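Beneath this line is the structure, given in structure tokens, with notes to follow.
What follows is calculated from the coordinates using simple rules that are stated; it is not laboratory data. From a predicted model like this one, the values you see are computed outputs, not experimental measurements. Glycine also receives a Cβ, built like all others from the backbone with ideal geometry; neighbour counts cover every protein chain displayed.
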Amino acid sequence: MLQANVVDVKNEDAIFGGQGWDAVIVITTDLNDIKQDEIKLLASHGKQIDNRIGQSATLLFAPGLAGGRLIISPVSAASNEYSDVSVFAKAAREGLAIAKSAGAVKPLLVVNQQNQSRYQYAQQVSALACGQELWQSLELREATQAEGQSIQASVTEIGLLTSQSEGHSFSDLINAVEAGKILTRDLCGTEPERMAAPAFADYCVDAFTGSGLSVSVIEEQEELERDYPLLCAVGRASFSVQRHQPRVVKVEYVGEGTIEKTLFFAGKGVIYDTGGADIKVAGGMAGMSRDKGGAAVVAGLMKTLSILKPRGLRVVAELGLVRNSIGSNAFVPDEIIKSHAGVRVRIGNTDAEGRLVLADLLSHLRIKATTAVNPQLFSVATLTGHVVRCYGGYTAVVENAVAKKVGISQDLEQISALWGESFEVSRLRSDDFNKVNNISGEGELLSSNNGPSAITARGHQYPAAFLINAAGLDNHGLNSSQPMPFAHIDIAGSATEGHPLYGKPTGEPLVTLLQNAIK
């Protein structure tokens, strides 16, 4: 795993070549806001002959500075009242791309942030953005190694200048998050044969070895079919191909000290979604190897927690890994399958498979939550095209009434804005439950309608209603003897960036989930 280590730098002498830094990248909202007089003077002189300086990321020849390279990368629209800290992330990536192209391997990052609360984590977000810019796919790394070459990180270390008066150390958090994000990107972005369900499980086990996490993998068909019946319906046609057979990965983190809260995560890991019997047509199948993004980000979160080791926190995760294959043994619409929670589910569309996987995982977690300290339950999934139609590249959160009462979505939304992973909050309504409850009049829960979610009214909200009922969480509502807060997180729009089918995985919303866990 290639990772450019981030180092806290508290002495401004590093700007002039100390500690071996070979470029200075300045992220600033305005040239006049630059705190270092030498850099401000160079930028001012440079602007007299190049109007791009202060308007776009630009490299200046700077003999007196580290490596002789000064990159000024301006933050666009920072004063706009609708902007968030992601404008700093964009500037950092642009500056780093120039430094990398110029040959720098140890750049020093200088972030001149505005004194506004919405930008309070601008330095950390800028450094994390560098990791996103530098990540290289697992396919490329392994192909290079197979050819007998050793792939080298283009940037090996990044310095983050922080003032001595602050006394803060950011590098431990940033490096731990980046380790989790690299795991997330590898799992989410890798093609469906290299990262088939058994291989995904093995990759997680290897990544967690020596971490202190408790890890187990369920792989026996009899056990899977008994305990995860909906998941196994999705994977029924894949059992005949050994390398495609389903897996459930269980991971647990227990921090030192008295446990004060317990978080439960169900991660959707559909390794490849053909649509099953409701096959995806007209090129709609391309990119469906990314349908494992939910399980990937939960795995990455567990990796980060294992490094940071927050006290008083317990986190339990189940990753459902399955291929929605086509074949003579594939499940079909109109089948009625009893969920792990004992709910009879009528299949409405085999291309709405992710909610079936999540329902069984959540049912297991629900049972564990009944004896846990201050439990909160989450499902994380690249679930619907509808959420992309609604919100573009942002994450959506849909919560039950218990979670709404304690403000879980509000907390997630506020945290995400400060860390550049902005959430959109959707609301469950009675209409959403009406879409799935007893449509046939025979008491079954309908998994979905028979059309694409992207053209279905409330297409990303009503799946949360299905999950609540199919997983038995309807027995833990506001008026129950044991209420349980539950939030469904749809990352179909935010799990990748760039090209809609082949864009780079983002690792979102790992930082938001982490900050919510440790707050």
(message) Please arrange THR304, THR258 by how many other C-beta atoms lie within 10 Å of their C-beta, fewest to most.
(response) THR258, THR304
(message) Taking every DSSP beta bridge with both residues inside the stretch 371-519, roughly what % is antiparallel (nearest 5)?
(response) 40 percent
(message) Given points 7 Å out from each Cα along the Cα-Cβ axis, report the VAL425 to VAL254 separation in nanometres with one decimal.
(response) 3.5 nm
(message) Test of understanding: ordering ARG194, ARG236, ARG389 by Cβ neighbours within 10 Å, fewest first, what list do you get?
(response) ARG194, ARG389, ARG236
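Please identify the helices of the chain, taking whole runs of DSSP H, that span at least 24 Å along their own axis as judged from the Cα atoms and have a mean Kyte-Doolittle score of -1.0 or higher. Please list the in-between numbers first.
Numbers: long enough: 171-189 (26 Å, 0.32).
Qualifying helices: 171-189.
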(request) Scan the stretch 432-519 for GluC sites (Glu not before Pro) in coil per DSSP, keeping those whose Cβ has at most 10 other Cβ atoms within 10 Å, and list them by number. (result) GLU442
(request) Between SER44 and VAL406, with labels modelled 7 Å along Cα→Cβ, what's the label distance in nm to one decimal, could you check? (result) 5.5 nm
(request) State the Cα centre-to-centre distance between the stretch 391-425 and the stretch 429-484 in whole Å. (result) 20 Å
(message) If each DSSP helix of 4+ residues adds -39,500 (n - 2.57) and the sum is divided by the residues in the chain, what number results at 222 nm, nearest 500 deg cm²/dmol?
(response) -10000 deg cm²/dmol
(message) At 7 Å along Cα-to-Cβ for each site, give me the label-to-label distance between GLU335 and GLU191 in nm.
(response) 2.9 nm
(message) Need one word for the stretch 177-518: rounded, prolate or oblate. Basis is the Cα gyration tensor (sqrt eigenvalues a ≥ b ≥ c); a/c below 1.5 gives rounded, then a/b vs b/c decides.
(response) rounded
(request) Could you tell me the distance between the Cα centroids of the stretch 162-226 and the stretch 273-319, to the nearest Å? (result) 10 Å
(request) Quote to one decimal, in nm, the extra length available between ASP33 and VAL205 on full extension: 0.36 nm per residue of separation minus the C-alpha distance between them. (result) 57.2 nm
(message) Sequence gap of 8 or more, or different chains, plus Cα separation below 22 Å: how many lysine pairs satisfy both in the stretch 5-164?
(response) 11
(message) Can you sort VAL316, VAL322 from fewest to most other Cβ atoms within 10 Å of each residue's own Cβ?
(response) VAL316, VAL322
(request) Starting from the amide H of VAL9, placed 1.01 Å from N in the peptide plane, find each other amide H under 5 Å away whose residue is 5 or more places distant or on another chain. (result) LEU160, LEU161, THR162
(request) Mind putting a number on the dipole of the stretch 5-164 about its Cα centre? Charges go on the C-beta only, +1 for Lys and Arg and -1 for Asp and Glu, and I need it in Debye to the nearest 20. (result) 180 debye
(request) Have a look at GLY348, SER163, THR190 and report the one farthest towards the positive end of the charge dipole of the chain, computed about the Cα centre with Cβ charges (Lys/Arg +1, Asp/Glu -1). (result) GLY348
(request) Specify whether the C-alpha gyration tensor of the stretch 36-140 places it in the rounded, prolate or oblate class, a ≥ b ≥ c being the square roots of the eigenvalues: rounded for a/c under 1.5, otherwise prolate if a/b is larger than b/c and oblate if not. (result) oblate
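Quick one: putting +1 on the C-beta of Lys and Arg, -1 on the C-beta of Asp and Glu, what dipole do you get for the stretch 177-518 around its Cα centre, in Debye to the nearest 20?
It works out to roughly 400 debye.
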(message) Longer than 22 Å from Cα to Cα, which of LYS303/LYS338; LYS250/LYS292; LYS181/LYS292; LYS250/LYS303; LYS268/LYS519 are they? Say none if no pair is.
(response) LYS303/LYS338; LYS268/LYS519
(request) For ASP351, list long-range residues whose amide hydrogen, built 1.01 Å from N in the peptide plane, is under 5 Å from its own amide hydrogen. (result) ASP278
(request) Could you tell me which of ASN51, THR144, LEU108 has its Cα farthest along the dipole of the stretch 5-164 towards the positive end, charges placed at Cβ (Lys, Arg +1; Asp, Glu -1), taken about the Cα centre? (result) ASN51
(request) Could you tell me whether the stretch 405-519 comes out rounded, prolate or oblate from its Cα gyration tensor? Rule is a ≥ b ≥ c as square roots of the eigenvalues, rounded for a/c under 1.5, then prolate if a/b exceeds b/c, otherwise oblate. (result) oblate
(request) Could you tell me which of LEU305, ALA277, ALA471 has its Cα farthest along the dipole of the chain towards the positive end, charges placed at Cβ (Lys, Arg +1; Asp, Glu -1), taken about the Cα centre? (result) ALA471
(request) Considering only DSSP beta bridges where both residues belong to the chain, give the percentage that are antiparallel (nearest 5). (result) 35 percent
